[in-house]
1. Being without any contact (Cβ under 8 Å) to a residue 60 or more places away in the chain and part of a strand (DSSP E or B) is the filter here, so list the residues in the stretch 125-136 that pass it.
2. Anything in the stretch 80-103 that is within 23 Å of residue 222 (Cα to Cα) and assigned to a helix (DSSP H, G or I)? List them, or say none.
3. Within the stretch 24-41, track down each residue that is more than 18 Å from residue 206 (Cβ to Cβ), in contact with a strand residue (DSSP E or B) (Cβ under 8 Å, 6 or more places away or on another chain) and open to solvent by less than 50 Å² (accessible area, probe 1.4 Å).
4. So, restricting to strands (runs of 3 or more DSSP E) that lie completely within the stretch 137-227, which ones have at least 2 residues that are closer than 28 Å to residue 73 by Cβ and open to solvent by 10 Å² or more (accessible area, probe 1.4 Å)?
5. Given (1) under 30 Å from residue 68 (Cα atoms); (2) in contact (Cβ under 8 Å) with a residue 12 or more places away in the chain; (3) among the polar types (S, T, N, Q), where does residue 205 come up short, assuming only one miss?
6. I want to confirm something. Restricting to the stretch 88-105 and keeping residues that are among the polar types (S, T, N, Q) and surrounded by fewer than 17 Cβ atoms within 10 Å (Cβ to Cβ), which single residue is farthest from residue 149 (Cα to Cα)?
7. If I ask for residues that are among the hydroxyl-bearing types (Ser, Thr, Tyr) and over 14 Å from residue 156 (Cβ atoms), which ones from the stretch 56-108 would you list?
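The values are calculated or read from the model by the stated rules, or taken from the named source; none is laboratory data. It should be emphasised that the depicted structure is a prediction, and the values quoted were computed from it without experimental measurement. Backbone-built Cβ (ideal geometry, glycine too); neighbour counts: all protein chains shown. Protein only, heavy atoms only, side chains kept; ligands, DNA and RNA dropped before computing areas. Shrake-Rupley method; radii C 1.70, N 1.55, O 1.52, S 1.80 Å.
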Amino acid sequence: HYNISNILDIRKSNIVIRGAGEDKTFIHVTRTMKEINGGKAAPYGWIAFFNVTGSRQGTRVSRVLKPSLRGEHVLHTSGIGALKPGNLIRLRMRNPESNTLGQHIYGNQGALNAERQQWYGRQMFDWVARVQNIQGLDIFLNRSLRLDVRPEWTPEIWTYGVSVQEVGLEHFTLEFPDKQYAGHHKEEGCYGIFFGGVSNSWARNITIIDCDRGVECNNAALFNTIQ
């Protein structure tokens, strides 16, 4: 049995926190996020008591010059730089003020709702795939495009990397104070595990008791396994 009273920040690669089993190793959180925060509202968002965080990295390689359709595997670029088959790349696209990318994501069934209108004119698509082949300036991907690619959305090719990877949490029970759930955005802050901006990491064979959120990944945490 172990007691923790504050956030455990993990910001380095190659770290595993491993218990002897869900029925043998018990980690008891003795304070909520709200109590840590001096009684103020718990910080809602990308944070938890097991807080595994890094940052997505990469540099711009080239632009995509010609359209591709959803389901295709090819990107027609202005250059390939040092890319070679086997590399992971990021396809990034920006939503113009006309919101055509936002409409495309929603199947052209209408504009984004009011809460999402801050996405107008902003980069809002950042997708990772592996280079399968290169022919001239055409990059062939190992999986099909999830959306159309159009020059009006300023599509760009970036390299892909992260600052933190190979972090594992496994084989234990995580228990929070028995607090009444207060509702959305009003939680006490019993947040279990968060993966943010990390890759090739995992959480497995964990029992979580009395949490507001169990395990969460943000949109920059890719290729992780929750089992």
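1. Restricting attention to the stretch 125-136, the residues satisfying the condition of being without any contact (Cβ under 8 Å) to a residue 60 or more places away in the chain are 125, 127, 129-136.
Listed by number, the residues that qualify are 125, 127, 129, 130, 131, 132, 133, 134, 135.
2. 101, 102
3. At the first step, the residues of the stretch 24-41 found to be more than 18 Å from residue 206 (Cβ to Cβ) are 30-41.
Next, only the ones that are in contact with a strand residue (DSSP E or B) (Cβ under 8 Å, 6 or more places away or on another chain) stay: 30, 33.
Residue satisfying the conditions is 33 alone.
4. Values: elements: 138-141, 156-159, 167-175, 191-196, 202-209, 213-217.
By residue number, 138-141, 156-159.
5. (1)
6. At the first step, the residues of the stretch 88-105 found to be among the polar types (S, T, N, Q) are 95, 98-100, 103.
If we keep only those that are surrounded by fewer than 17 Cβ atoms within 10 Å (Cβ to Cβ) too, we end up with 98, 100, 103.
Working: 98: 16, 100: 12, 103: 13 Å.
Among those that are among the polar types (S, T, N, Q) and surrounded by fewer than 17 Cβ atoms within 10 Å (Cβ to Cβ), it is 98.
7. Of all residues in the stretch 56-108, those among the hydroxyl-bearing types (Ser, Thr, Tyr) come to 59, 62, 68, 77-78, 98, 100, 106.
Listed by number, the residues that qualify are 98, 100, 106.
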